[in-house]
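Okay, so here's the structure we're looking at.
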Amino acid sequence: MKDDFIFGLRPVIEAIEAGKTIDKVFVQNALQGPIYAELKAILAKNKIRPNYVPVEKLNRFTRKNHQGVVAFISDVPFHKVEDIVPQLFEQGKTPFLLILDRLTDVRNFGAICRTAECVGVDAIIIPEKGAAPINSDAIKTSAGAIYNIKICKENNLAHAVDFLQQSGISVYAASEKAQKLIYDVNLTEPCAIVMGNEETGISKEVLHHADEKIKLPIEGKTQSLNVSVACGAILYEAVRQKMTAIPNS
């Protein structure tokens with residue numbers, strides 16, 4: 001058994017009450033009973049949204065008596081974007097954010113976190129559902145960078161995008177179908193970059209809310225890059241713009 005998840009009704013309840021950071025909770029479909037009712041109330045109180053799944057999925061996590069509940073615990077604390085953004089402005093920073101829309105590959109996520117921390121991204125925003133778990137594999141792939149960057153977990157990414165825009169932050173969605181190259185937008189001002197799912201890209205809802213769509217130039221026959229590679233190229237274009245914008249002393 002991996003040490004980054006627990007199972008059983010009472011252990012999960014106790015973990016939440018002890019203040020553990022819960023990454024994901026999987027609950028068996030149609031689960032009932034008084035202890036589950038207690039768990040359900042605690043989940044609601046702590047604004048943790050469970051994923052309802054067939055028992056077969058829970059059995060893939062563990063063959064032990066999970067009682068219909070498996071929870072993944074994260075060593076990384078989660079934040080809210082509405083708390084982070086005001087803090088950045090109060091500190092006199094130019095917010096530089098990254099939104100990862102339903103990335104599912106743990107190693108891609110870890111690699112992106114490593115690059116993001118290296119280039120000075122202030123926070124990474126992910127959805128509550130559909131995102132890669134922040135587990136020991138993600139931390140290892142990030143070379144520990146996950147510990148040094150704020151992770152915001154949001155119920156609705158489109159609403160998070162709206163909040164950023166209302167706060168004066170431009171949101172650029174990376175899409176192969178974009179007309180504008182990354183070199184044609186100003187990444188030195190408050191901005192957030194959106195990267196999409198490895199297979200389906202950015203969701204239509206988030207794409208619709210973005211200020212502009214941007215892309216990397218592709219000259220070869222292969223029409224797409226690995227998402228972590230593409231993200232690194234875009235983030236370092238932002239670094240280049242910021243460095244060239246600094247006047248020579």
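Accessible surface of segment 78-245, 1.4 Å probe: 47 percent of it comes from carbon and sulfur atoms. Evaluating kT/(6 pi eta Rh) at 4 °C and 1.567 mPa s, with the Kirkwood radius of segment 5-73 over Cα pairs in the Stokes-Einstein relation, gives 110 µm² s⁻¹. Under 17 Å from the Cα of Lys47, which lysines turn up, not counting those fewer than eight places away in the same chain? Correct list for Lys47: Lys20, Lys24, Lys80, Lys129, Lys153.
When all alpha-carbon pairs of segment 46-176 are counted, what percent fall beyond 25 Å? The answer is 31 percent, as a whole percent.
Let's test the formula: R0 of 45 Å, r as the Cβ-Cβ distance of Asn65 and His208. What FRET efficiency results, to the nearest 0.05? My answer for the efficiency is 0.50. Each of Pro11, Ala132, Val185 was placed along the dipole of the chain (beta-carbon charges, centred on the mean Cα), and the one lying farthest toward the positive end is Pro11.
For the chain, what is the calculated [θ] at 222 nm in deg cm²/dmol (nearest 500), taking -39500 (n - 2.57) for each run of four or more DSSP H residues and dividing by its residue count? Provide the component values of the computation, followed by the final result.
Numbers: 9 runs with 93 residues, N = 249.
Computed mean residue ellipticity for the chain: -11000 deg cm²/dmol.
Relative contact order (percent) for the chain, with alpha-carbon contacts under 8 angstrom and 6 or more residues of separation? Write down the numbers at each step before the final one.
On the way: 425 pairs, mean separation 45.5, N = 249.
Worked out over the chain, it gives 18 percent.
Calculated FRET efficiency, Phe89 to Cys118, Cβ-Cβ distance, R0 = 22 Å: about 0.40 to the nearest 0.05.
With the radius of gyration and the Kirkwood radius both derived from the Cα set of the chain, what is their ratio Rg to Rh?
Values: Rg = 19.5 Å, Rh = 19.3 Å.
Looking at the chain, the ratio lands at 1.01.
Cross-link partners for Lys242 among the lysines, with Cα-Cα distance under 24 Å and sequence neighbours closer than 8 places in the same chain left out: Lys93, Lys150, Lys180, Lys213, Lys215.
Counted over segment 112-152 with a bin width of 10 Å, the fraction of Cα pairs per bin, in whole percents, is 31, 59, 10.
Taking the Cα centre of segment 1-50 as reference, the dipole from Cβ charges on Lys and Arg (+1) and Asp and Glu (-1) amounts to some 200 debye. Averaged per residue, segment 5-73 has 56 square angstrom of accessible surface, using a 1.4 angstrom probe with ligands and nucleic acids left out. With one equal scatterer per alpha carbon and no solvent term, the Debye-computed log10 I(q)/I(0) for segment 118-238 at 0.18, 0.23 1/Å reads -1.07, -1.67. The relative contact order of segment 106-249 comes to 25 percent, based on Cα pairs under 8 Å that sit 6 or more residues apart.
Under Stokes-Einstein, with the Kirkwood radius over Cα pairs standing in for Rh, what whole-number D in µm²/s applies to segment 140-198 at 37 °C and 0.692 mPa s? Walk me through the numbers on the way to the answer.
Working: Rh = 13.7 Å.
So the translational diffusion coefficient is about 240 µm²/s.
The values are calculated or read from the model by the stated rules, or taken from the named source; none is laboratory data. On a predicted model such as this, the values are computed, not experimentally measured, just so you know. Reconstructed Cβ throughout: ideal geometry from the backbone, glycine too, with neighbour counts over all protein chains shown. These accessible areas exclude ligands, DNA and RNA; they are computed on the full protein's heavy atoms, side chains included. Shrake-Rupley method; radii C 1.70, N 1.55, O 1.52, S 1.80 Å.
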